[in-house]
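J.: Sharing a structure below in structure tokens format, with a few things to ask.
The values are calculated or read from the model by the stated rules, or taken from the named source; none is laboratory data. Remember, it's a predicted structure, so these values are computed and weren't measured experimentally. So basically every Cβ, Gly included, is an ideal-geometry build from the backbone, and we count neighbours across all protein chains shown.
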Amino acid sequence: MKKYAEYKHFDLTEIAKEIREFWKEDNTFEKSIETRKNAPPFVFYEGPPSANGKPGIHHVMSRTIKDIFCRYKTLCGYRVDRKAGWDTHGLPVEISVEKLLGITKDDIGEHISVEEYNKTCRREVMKYKDLWGELTEEMGYWIDLDNPYITFDNKYIETVWYLLATLHEKGLLYKGYTIQPYSPAAGTGLSTHELNQPGCYKDVKDTSVTAQFKVQKDEKSQFLFDKTDTDIFLLAWTTTPWTLASNTALAVGSGIKYAVVKTFNQYTGKPITVILAKDLLHTFFNEKNKDLKLEDYRKGDKNIPFEVIAELDGKALEGLRYEQLIPWIEPMGDAFRVILGDYVTTDEGTGIVHIAPTFGADDDRVAKIAGIAPLHLIDKDGHKRPMVDLSGKFFTLEDLDEDFIKNYVNKDAYAEYAGRYVKNDYNESLPEDAPILDVDLAVMLKQNNQAFKIEKYVHSYPHCWRTDKPILYYPMDSWFIKTTDYKERMLELNNTINWKPSSTGQGRFGNWLENLVDWNLSRSRYWGIPLPIWVTEDKKEQKCIGSVSGLKEEINRAVEAGVMNSNPLEHFDPGNMEQENYDRIDLHRPYVDDIVLVSDTGKKMFRETDLIDVWFDSGSMPYAQLHYPFENKENIDNKFPADFIAEGVDQTRGWFFTLHAIATMIFDNVAYKNVVSNGLVLDKEGNKMSKRLGNAIDPFENMSTYGPDATRWYMVTNAQPWDNLKFDPAGVDEIRKKFFGTLYNTYSFFALYANIDGFNYEEKEIPHSERPELDRWIISELNTMVRNVKTNMDDYEPTKAGRIIQKFVYDYLSNWYVRLSRRRFWKGEYTSDKVSAYQTLYKCLETVAILMAPISPFFSDKLFRDLNEASGRHHVSSVHLVDFPKVMEEKTDKDLEERMQLAQQISSQVLSLRKKAGIRVRQPLNKIMIPSASAKLKTQLEKVEDLIKAEVNIKNIEFLTESSGVLVKKIKPNFKSLGPKYGKLMKQITKAFNEMRQEDIEKLENEGSFTFTIEGRQIEIGSEDAEIITEDIPGLAVSTMNNLTVALDLTITESLKQEGIARELINRIQNIRKEKGFDVTDEIDVEILQNDTLKNTVANNFSYICSETLAKNLSLEDSLNESQAEQIELEEGLATMIKVNKV
RNA sequence: AGUCCCGUAGCUCAGUCGGUUAGAGCGCUACACUGAUAAUGUAGAGGUCCGCAGUUCAAGUCUGCGCGGGACUACCA
């Protein structure tokens, strides 16, 4: 006969190791997919991690979430394919390689060839692949690591190219510019990543100018001129005066109040009228001067009078036109208009913002929206340029296009400043005391009555980390995807996605979509997917390549045209999908850069040197992992869109977005139907984990200390996935001891007795109706649990599901069912009651094992296999291959659950009363009384009476239904029912309730209604409107909880006393049995040294004592041989000697 | 700066539709039990529900404004 495995000690780490090895041997993961081969698919996408960094504890978090639902859906009968993936491109890899090689970006192509550099990247990016593999295995994350998608693979790149070509065909790819940090000293653009290096932001002292922009007098501005007789100026502040020459607009805030102020220019003494934010008046005008008369002012006076002559909303200023401040160059398009800017504040400056679209990202954005032209120059090559060249100086006239100068440039005015560096830092040859452009411009404005205020201003400004020179925000060429064209559709589709939590979807993600800008695809780096776009030198013709075979054909044409000598893709065999074929080529730089194509008109075409944003790589994974459409074209419907994805909330604008954008633009579909975004894993103090602070948790160490199951269970049940998790190893240990320990104990208990009785689940199921109350109860709770776990798992709420399982195991199964059923397992013959107990407990353990399997895959499998090994109920090797339990609604019984709840509560109350009275539980007591019991309550309690009696060791339960005068009652208003009816009167009604006398309460009880008079109004209350509880029963110990009162009779009669002592005696005998190591089935002889108390006690409880202790003979003796006897004390002052021997 | 999340006992977290005694586990203290024993149970202490204002008969719960922690995005005259 097969036995249930029994263990000496409990070690979760050991269990995990054993099960892990078993899975390998058994191919359990493969089986879990194979056995569902023809089942409906549940599509899951793995967000690719980068193996360039070591995995951390937060990866255990997100992968646990992923694993849970994949395993759960497998149990529910779906086929869940899980392809791993690796993110291999991007800046982090490049930076780490630069560090490794001790080079900078500038060295690439100079001191090290691109070829060699990229080779290093390819190698480095997989540096920690093995470590990731270990983590995956040790934490029990089931994913197919043998066939991963890899973003640097040529097949992967080909699909990405296909997607880009599709976008190009739809006209969604275009070349534009963005304002990016640029270092003129280094001659290179900087990424935000580089800008965030420590020490990049430094305090600098700049000349700041509050400039006066002269309002044009026209129909629109007439209302302003009606109020004053001077010129009217809009005030705008800047810390970079050199950008004023590129100003093309002014922005005001629609919610900001502006003041129109009549005053004088402090430098020229001229009377002027200026407009600025009302809130900022005090920074420009001294409150002390407000009573000065305008007409008393003389040029040169220190105190300048001012008068607010009007106030208006920002909206009223919109559309005003003004004269160009520094009229050197004429813009090509609409300009010099007041527009609304969403980001305008009154924290600093004037509340009116100077807009130079060529030198500010925000400026560029609001100007585009308002249709304002940027100030462009045309250089000798015919290119549009900003006013500053790449070396950081104003363009010289020689470098500009002649026609352009003729038509747009005020040569005389500009000539004075052309060629000047905007920051002296950019020109090493300038002496320290060289004139500063900003200062010269300020002086010029001052003289022209265009400067309202000039001062030095200290602020923090980013510097280039390589040259230490200030950076410039500068327009750089970039390729864009016109995502804005699909904004509405993306929003629409987003509404169909089930976000967990929903706030991330509607809030963070929704808002992001609302404010969508075009996707900047360009990265001027080396290691990444090259942009497959070839352009003629005159920029007039483009080709976007969408496949390797397409590229091969184009090259062949180029070779024919004599543009290329040979075809580097010569050995590539179009149409052959073998990996080997694809490994013959390399689509990375520098090889693609060497490819020159020929245009339809016969011109040479060169590749645009940019790489694409790595986020496009990962966003393409639904298709690229399948090499779609080159392979898997037919079964894409089974793989797209995903039913479920999960990643950290930091991916909202990363992977979640790129998946969504590409799916919307190309497939007009969502990429995923359900998405869980989990929060951060912080240390136990709530700080971010970092290697620097030394507070990072090593996932391997944690899992080997506490076991992966405990780690996973802790992470899932401690906080909702989307809340940040404060990770405390002590909490993991608590889970290990409490949850898994309890479950292990419960199993051990079962195994111990099942093995003794030879229970193998061979008997027929005891019919539900024939099982005892307690069994039917736990089965009811079990089914309720299954239903609730299923509901929550279906709703992607693993935390709630886990907590429900926990509650069942602790409160219902261990603390109540097993504790109350213990006797049934070890007492008596192998009756049907015993079989029922075994079947019931077995069923509970088995079901719990299945329900917890997604969260704690190792322990659950161990538990399941130990059970199944002996019973053979399931013909599968693992818990992960069974079907999720069906809810048997017919076996749930709400009344039963409720009355067991009552039994627990009453037991707890009685135990508490015993405690207070100092009467131990072994001392039987006569009765408890429950007053004011409704008929329902009474029927309910009668069914659990025996349980309560046994649990708290009392003889009887009495129900007091009639209100005999002995009960002292208390009444409380039912706010929920009275509140809506009486509203404001509630305070007085509460008072009236408090003043009710015992007779009043009885009247309400007996007649079902009672009437108050409040403010002359008759208030009739019914029994629904009040809660009546018994506060006290004279002479008895009373406890009230949840409107239920229990009174305990503390009287101990002689016979109760004797019974109590008999129990003590039994207890001592049992102890001795145990001490002596008797088997639980051994029969014994007992001799006791008698005394008067014992004589009656034993006589009156003789058979009870014998049956409890398996005593064949029990005798009272006048003397005992002391050497074989033991001294026992039955209670304070009652001691004797006893001899216990095996028969 | 914007968007989002979080703030309840020493710690980690529940708290339904707003309903008057705010709960659990751990930890701490005291005890009980001893055929689950490296197990189990009971009781006790412990609260400015982050603050202020508002709505309401009634606010931990709803609204507004703050404070603190965190994330993402943008970096600003």
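J.: Output the residue which, of all residues in segment A:624-658 that are outside any loop (DSSP other than H, G, I, E, B) and small (Gly, Ala, Ser), is nearest to the chain's Cα centre (by Cα).
T.: That would be A:648.
J.: Counting just the residues of segment A:339-363 that are charged (D, E, K, R) and surrounded by fewer than 21 Cβ atoms within 10 Å (Cβ to Cβ), which one comes out farthest from residue A:256 (Cα to Cα)?
T.: A:362
J.: As an exercise: evaluate residue A:17 against (1) part of a helix (DSSP H, G or I); (2) touching a residue at least 12 places away in the same chain (Cβ under 8 Å); (3) charged (D, E, K, R) and give the number of the one condition it does not meet.
T.: (2)
J.: State whether the residues of segment A:536-552 include one that is within 15 Å of RNA strand B (Cβ to nearest atom) and not hydroxyl-bearing (Ser, Thr, Tyr).
T.: No.
J.: Which residues, taken from segment A:642-657, are in contact with a Leu (Cβ under 9 Å, 6 or more places away or on another chain), among the hydrophobic types (A, V, I, L, M, F, W, C), closer than 21 Å to residue A:70 by Cα and within 11 Å of RNA strand B (Cβ to nearest atom)?
T.: Of everything in segment A:642-657, just one residue is in contact with a Leu (Cβ under 9 Å, 6 or more places away or on another chain), among the hydrophobic types (A, V, I, L, M, F, W, C), closer than 21 Å to residue A:70 by Cα and within 11 Å of RNA strand B (Cβ to nearest atom), namely A:649.
J.: Which one is farthest from residue A:930 (Cα to Cα), of the residues in segment A:989-1028 that are under 48 Å from the mean Cα position of the chain (by Cα) and in contact (Cβ under 8 Å) with a residue 24 or more places away in the chain?
T.: Only one residue fits best here, namely A:989.
J.: Follow-up question, since we're still on this one. Quick check on this structure: which one of A:94, A:14 is within 19 Å of residue A:861 (Cβ to Cβ) and of a type outside the set (Lys, Arg)?
T.: A:14
J.: Another question, if that's okay. Could you check how many residues of segment A:222-248 are away from RNA strand B (no atom under 11 Å from the Cβ) and either aliphatic (A, V, I, L, M) or more than 47 Å from the chain's Cα centre (by Cα) (or both)?
T.: Selection size over segment A:222-248: 14.
J.: On to the next question. When you scan segment A:995-1062 for strands (runs of 3 or more DSSP E) that lie fully inside it, which ones turn up with 3 or more residues that are surrounded by 16 or more Cβ atoms within 10 Å (Cβ to Cβ)?
T.: A:1026-1032, A:1037-1041, A:1044-1048
J.: Here's something else I'd like to know. Of everything in segment A:710-767, what is more than 7 Å from RNA strand B (Cβ to nearest atom), buried (at least 16 other Cβ atoms within 10 Å of the Cβ) and not in a helix (DSSP H, G or I)? Give them in sequence order.
T.: A:721, A:727, A:759, A:760, A:761, A:766, listed by residue number.
J.: List the number of the failed condition for residue A:838; all other conditions in (1) more than 12 Å from RNA strand B (Cβ to nearest atom); (2) part of a helix (DSSP H, G or I); (3) under 19 Å from residue A:740 (Cβ atoms) hold.
T.: The number of the failed condition is (3).
J.: Also: Among what's in segment A:249-259 and is more than 10 Å from RNA strand B (Cβ to nearest atom) and surrounded by fewer than 24 Cβ atoms within 10 Å (Cβ to Cβ), pick the residue that is farthest from residue A:326 (Cα to Cα).
T.: A:255
J.: If you take the residues in segment A:270-295 that are among the charged types (D, E, K, R) and under 22 Å from residue A:215 (Cα atoms), which one is surrounded by the fewest Cβ atoms within 10 Å (Cβ to Cβ)?
T.: Checking each candidate, the answer is A:270.
J.: Hey, another quick one. Looking at segment A:35-65, which of its residues are among the basic types (Lys, Arg) and more than 18 Å from residue A:83 (Cβ to Cβ)?
T.: A:54
J.: Condition first: of a type outside the set (D, E, K, R), modelled with pLDDT of 90 or more and within 16 Å of RNA strand B (Cβ to nearest atom). Can you find one or more residues in segment A:603-616 that meet it?
T.: yes
J.: Suppose we keep only residues that are crowded, with 23+ Cβ neighbours inside 10 Å and touching a Ser or Thr at 6+ places or on another chain (Cβ under 9 Å) within segment A:619-646. Which one would you say is nearest to residue A:679 (Cα to Cα)?
T.: Among them, the one singled out is A:646.
J.: Regarding residue A:268, is this residue away from RNA strand B (no atom under 16 Å from the Cβ) and under 30 Å from residue A:422 (Cα atoms)? It would help to see each step written out before you state the result.
T.: Working: away from RNA strand B (no atom under 16 Å from the Cβ): yes; under 30 Å from residue A:422 (Cα atoms): yes.
Yes: the conditions hold for residue A:268.
J.: Now a separate question. Looking at (1) crowded, with 20+ Cβ neighbours inside 10 Å; (2) within 16 Å of RNA strand B (Cβ to nearest atom), which is the one condition that is false for residue A:8?
T.: The failed condition is (1).
J.: Please pick out the residue among A:779, A:804 that is closer than 25 Å to residue A:899 by Cβ, among the aliphatic types (A, V, I, L, M), within 12 Å of RNA strand B (Cβ to nearest atom) and not in a loop (DSSP other than H, G, I, E, B).
T.: Criteria check complete, one pass: A:804.
J.: Something else about it: Can you tell me how many residues within segment A:892-943 are in a loop (DSSP other than H, G, I, E, B), polar (S, T, N, Q) and more than 15 Å from RNA strand B (Cβ to nearest atom)?
T.: Total meeting the criteria: 2.
J.: Identify, from the list A:987, A:972, A:991, the residue that is within 16 Å of RNA strand B (Cβ to nearest atom), touching a helix residue (DSSP H, G or I) at 6+ places or on another chain (Cβ under 8 Å) and more than 30 Å from residue A:1107 (Cβ to Cβ).
T.: Every option except A:972 fails the conditions.
J.: Which numbered condition trips up residue A:466, out of (1) away from RNA strand B (no atom under 16 Å from the Cβ); (2) over 27 Å from residue A:365 (Cβ atoms); (3) crowded, with 19+ Cβ neighbours inside 10 Å?
T.: Unmet for residue A:466, out of (1) away from RNA strand B (no atom under 16 Å from the Cβ); (2) over 27 Å from residue A:365 (Cβ atoms); (3) crowded, with 19+ Cβ neighbours inside 10 Å: (3).
J.: Continuing with the same structure: Looking for whichever is among the polar types (S, T, N, Q), near RNA strand B (Cβ under 10 Å from one of its atoms) and on the phi < 0 side of the Ramachandran plot here; the options are A:1067, A:1100. Which one fits?
T.: A:1067
J.: Please go through segment A:112-147 and give me each residue that is under 27 Å from the mean Cα position of the chain (by Cα) and part of a strand (DSSP E or B), ordered by number.
T.: Those that are under 27 Å from the mean Cα position of the chain (by Cα) and part of a strand (DSSP E or B): A:144, A:145.
J.: What are the residues in segment A:241-263 that are among the small types (Gly, Ala, Ser) and either modelled with pLDDT under 85 or more than 9 Å from residue A:354 (Cα to Cα) (or both), if any?
T.: Answer for segment A:241-263, where residues must be among the small types (Gly, Ala, Ser) and either modelled with pLDDT under 85 or more than 9 Å from residue A:354 (Cα to Cα) (or both): A:245, A:246, A:253, A:254, A:255, A:259.
J.: Considering only residues that are out of contact with any helix residue (DSSP H, G or I) (no Cβ under 7 Å at 6 or more places or on another chain) and surrounded by fewer than 16 Cβ atoms within 10 Å (Cβ to Cβ), look in segment A:27-44 and name the one that is farthest from residue A:645 (Cα to Cα).
T.: A:27
J.: Now for a different question. Which of the residues that make up segment A:658-677 are within 16 Å of RNA strand B (Cβ to nearest atom) and in contact with a strand residue (DSSP E or B) (Cβ under 6 Å, 6 or more places away or on another chain)? Working first, answer last.
T.: As a first pass, look at segment A:658-677 and keep what is within 16 Å of RNA strand B (Cβ to nearest atom): A:658-661, A:675-677.
Selection gives A:675, A:676.
J.: Still on this structure, I have one more. Just one of A:67, A:106, A:81 is closer than 24 Å to residue A:129 by Cβ, out of contact with any Leu (no Cβ under 7 Å at 6 or more places or on another chain), charged (D, E, K, R) and not in a loop (DSSP other than H, G, I, E, B); which is it?
T.: A:67
J.: Could you please find all residues in segment A:126-184 being away from RNA strand B (no atom under 16 Å from the Cβ), of a type in the set (S, T, N, Q) and over 16 Å from residue A:612 (Cα atoms)?
T.: Across segment A:126-184, the qualifying residues are A:136, A:147.
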